[in-house]
């Protein structure tokens, strides 16, 4: 293993949202400095970083200047242009690598990688034209989901097609852009595994979380998931195979579909900490953000032991619809922890924070987290 990057060094973060904020807080706790670069100012990450640089990712002169003042760079946002990562990599290590980012930020490249690695996914077709879409619908059937190849998250850039006659409208709605068409899976539930891989190939994972979504945005996560030990072991094994094939260094999340027939399918790969891993801040010896820091700095990975079953409930801007939320009511329960991201203005669908709760069971933790969230708007 190469020499580790030790406390006192400076970590560069491309992106400046809540993931970078929680990473920066963990890094500063361990004695590191943090610089962040994004097109915005007074950001969640910038509020707690040592230095906030406001510049476009495409401004490669600013990006190189940023890189010259840090010891290693990581991501909190996967839609950073590959040219940006390439510019940084000429000066300092980028972890996970720009090559990994290039693969996972684009659905066609990601699904092609998974297929080549023998990892099961839902049936899909690459769409470059409306003719491709018509042919793919005839092959895959309906319902199906049309997703743009790039720059999609939280349901953005995708549309459900319920019948062939809806194809033209769907194609127009995504801007007639390069896309993938995915068959609709008969879901039992959605799962995720947040894991880390070190410079020397060691692997650690936080177990399997079970995720519920509302309007394509993660609503509640619980860990451990209510699945069989065999399915849990399979999900972890598939995650390790993916991280090894990608030669990942850092934290990566693999999202899964579990079908009613018991088949485990990979949905997406997120090359960064993940919303479903936020509960690790309060539930585990080492959080996903400290683990990211350890991995990108070449330090040994920390223990992922979970103290008790845990749940996380997202707080979207909708919580502010009736005015300032009742924070005191939400945190009255001793097991509940409140995390707010410092975003300047709430709006519907915007992730403003989250609540975590621990319990004697995952269901008890879930009920506590959801109950606390409901109290915010009373």
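Below are the figures for this structure:
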item	result
Qualifying positions in the range 315-329 - assigned to a helix (DSSP H, G or I) and free of Cβ contacts under 8 Å to residues at least 24 places away in the same chain	328
Residues of the range 279-314 classified as surrounded by 23 or more Cβ atoms within 10 Å (Cβ to Cβ) and either in contact with a helix residue (DSSP H, G or I) (Cβ under 8 Å, 6 or more places away or on another chain) or assigned to a helix (DSSP H, G or I) (or both), total	15
Boolean, residue 222 is in contact with a helix residue (DSSP H, G or I) (Cβ under 6 Å, 6 or more places away or on another chain) and closer than 30 Å to residue 2 by Cβ	no
Conditions (1) in a loop (DSSP other than H, G, I, E, B); (2) touching a residue at least 40 places away in the same chain (Cβ under 8 Å); (3) crowded, with 23+ Cβ neighbours inside 10 Å: number failed by residue 21	(1)
Members of the range 222-237 that are under 17 Å from the mean Cα position of the chain (by Cα) and surrounded by 19 or more Cβ atoms within 10 Å (Cβ to Cβ)	222, 223, 235
Among the residues listed as 132, 219, 200, 186, the single one being exposed (fewer than 14 other Cβ atoms within 10 Å of the Cβ) and touching a strand residue (DSSP E or B) at 6+ places or on another chain (Cβ under 8 Å)	186
Matching residues in the range 81-103 - criterion: being farther than 15 Å from residue 62 by Cα and not in a helix (DSSP H, G or I)	93, 94, 95, 96, 97
Output for the range 113-128, where each listed residue is out of contact with any strand residue (DSSP E or B) (no Cβ under 8 Å at 6 or more places or on another chain) and without any contact (Cβ under 8 Å) to a residue 40 or more places away in the chain	116, 118
Condition met for residue 74 (buried (at least 21 other Cβ atoms within 10 Å of the Cβ) and in a loop (DSSP other than H, G, I, E, B))	no
Any hit, the range 94-106, residues being surrounded by fewer than 16 Cβ atoms within 10 Å (Cβ to Cβ), in contact (Cβ under 8 Å) with a residue 24 or more places away in the chain and under 23 Å from residue 9 (Cα atoms)	no
Hey, residue 65 surrounded by fewer than 24 Cβ atoms within 10 Å (Cβ to Cβ), outside any helix (DSSP H, G or I) and either more than 22 Å from the chain's Cα centre (by Cα) or without any contact (Cβ under 8 Å) to a residue 24 or more places away in the chain (or both) or not	no
Residues being assigned to a loop (DSSP other than H, G, I, E, B), buried (at least 18 other Cβ atoms within 10 Å of the Cβ) and without any contact (Cβ under 8 Å) to a residue 40 or more places away in the chain - total across the range 347-378	0
Condition check for residue 49: assigned to a helix (DSSP H, G or I) and either crowded, with 16+ Cβ neighbours inside 10 Å or free of Cβ contacts under 8 Å to residues at least 60 places away in the same chain (or both)	no
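Here, each number is a calculation from the coordinates, and none is a lab measurement. Treat the numbers as computed from the prediction; the structure is a model and nothing was measured. Neighbour counts run over all protein chains shown; Cβ positions are idealised from the backbone, glycine included.
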